[in-house]
1. Given R₀ = 22 Å, FRET efficiency for residue A:279-residue A:314 by Cβ-Cβ distance, to 0.05?
2. Other chains near A:24-31: what is the mean number of their Cβ atoms within 10 Å of each residue's Cβ?
3. Return a whole-number percent for the relative contact order of chain B, with Cα pairs under 8 Å and 6 or more residues apart as the contact set.
4. Please give the Cα centre distance for region B:113-174 versus region A:13-82, rounded to the nearest Å.
5. Give me the angle, in degrees from 0 to 90, between the Cα long axis of helix A:249-259 and the longest principal axis of the Cα atoms of chain A, rounded to the nearest 10.
6. How many Cβ atoms of partner chains, on average, are near each residue of B:376-382 if near means within 10 Å of its Cβ?
7. Hey, can you rank B:281-294, B:299-312 by average C-beta count inside 10 Å, highest first?
8. What nm value, rounded to one decimal, do you get for the distance between residue A:291 and residue A:158 when each label is placed 7 Å out toward the C-beta?
């Protein structure tokens, strides 16, 4: 939030002059026909993307030179808001003169940048960035139609945020490397979810296959799984490279039990006593509370709450972690 | 020419209203709760304004019309205080409303849902109106409140408020209505309609922004939303917006006087505009003319996205509105359009035109011309409309 977000109704004020001009006078609006293609000596390609019921629909026409695969002419028609029309127009403009393979590389970000008045000021407000995505999708559809392949084949990675073109791989990597725990952090690191917000969670402007909330949850789960696996492997190999405080409760129990067995129990048994571990609880401050019960001669022994207790605690603290606290019940 | 056709969003302040307000800024600026002459000199005007408001909705002198900052506050107050008074401290836990309420009601109900209240959102038919049988079936002995708008802001459709009021009275359920879009357009009578609570806002009937009211039937307790002082008999604290109240009173008086004009002249111009626009192929209007407030048209123009239409109208000096998601800051589609569900595309192609008693015939004629031009241009660009013959010839 902040000062600039408190007064609404400013979407149009954030359109660049180019966007406004294209909305008023789109240069490449129209259709191309078989006859046009014949006259130009090329092949007509027509591709559709979107639907009126989705709020956006665009149709792209190309005349392509079959020998060189150069796009000789491009036109569009669009059902959509002002920025959708301006984006479609810019997209068609960017196609002209490129080969089909080059055109497929045009992204929505290229389209948006081409509509800027000055290089560092966005052409459209964040929530309208989405409009340029369709321009990109329809190019892929046209290229797929021309080459007789599936449109998905032009995408070698899964794009989660289409507005900012952030892939699934990038998002997972950023979460892992930076130990991210919130969607806001993902957006700050990658810009994913900063624009139309459809990819943040279900129920947004458009239905998605992947949502940031799910990716975050799943990646965190994978990270936790990996961490546990590392701990378990470290223990199998016998060298505990993992800090006691980071162990799972089960592993902590095993290690405490082992130390007690080795260093403490023999002494207690010699005096006709013993102890059992009742519970292990982890506090927020990394403290591990070990609840124990004295058995046999130890229960009721005066030293059990003083000298013996301190001895047990100091052995465990020395062997495992200074964050261990012993609480006799 | 600049033509304002967005009167359901807000209205021009009637110059007569403005003139009444002027003395209460720099001359009679005292706090009406002060005992001295600076405070008390505004009392005659405040009393007159209250008389105008009471007369405007036929409130009895024993009822309360509490001045608020706007209808959003009034709506929030009723819903949240019913929660505090009747749901939190009692055995009721149910509120009934409709799917097409203004967000001030809809979002308040959603908020109460998050606190564990059961809310029934009554569906609407293709005209955007609820079925009273659905209401009857939804009321249980757990129902604390029914909140149904008097007229819808998007469609202008009038709800069967008297019938709803009678049902609520018979079943012993409190009834609140958001009458923001009704006052100044059609007669509003709190006695006939048996309402317990009624919200309104001055700026929708040629009064100033930032002032509204909540009618509370005599005997209804409603814990305050604003605590703090003795203002409004302790029901709503905060220094009185003297100029605003004076303006709202005058605006109410003028609006009620103008009801016949609304019914005849505004309606005639609205119908002229509507009939002309329906000449355009593949358009439809939600609801019959008779069931609507006299000033509103919600028209769907096939093949033209709402924001693009508003853009073209704005370029030509016309201000209108759309429920299209693309025109909202959050890209959220309008729940009213979704609830009506008319042929699905309404959510993207709706254009709302709302007139007022200040709209002239010349303005309507101009709007007809501009909208026709915009339709021709935008349908030519559209990929989902194929009937703009002269544009469809290749320009190569």
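Read the figures in this text as sums done on the coordinates, not as results from a lab. Just so it is clear, the structure is predicted and the values come from calculations on it, not from any experiment. Neighbour counts run over all protein chains shown; Cβ positions are idealised from the backbone, glycine included.
1. Working: r = 21 Å, r/R0 = 0.95.
Result of the calculation: an efficiency of 0.60.
2. Values: counts 4, 1, 3, 0, 0, 6, 8, 7.
Per-residue shielding by partner chains comes out at 4.
3. Relative contact order for chain B comes out at 21 percent.
4. Going from one Cα centre to the other spans 48 Å.
5. 30
6. Values: counts 0, 4, 3, 2, 4, 13, 9.
Mean partner shielding for this stretch: 5.
7. Values: B:281-294: 17.6, B:299-312: 24.7.
Ranking the peptides B:281-294, B:299-312 by packing returns B:299-312, B:281-294.
8. In this crude label model, residue A:291 to residue A:158 measures out at 4.3 nm.
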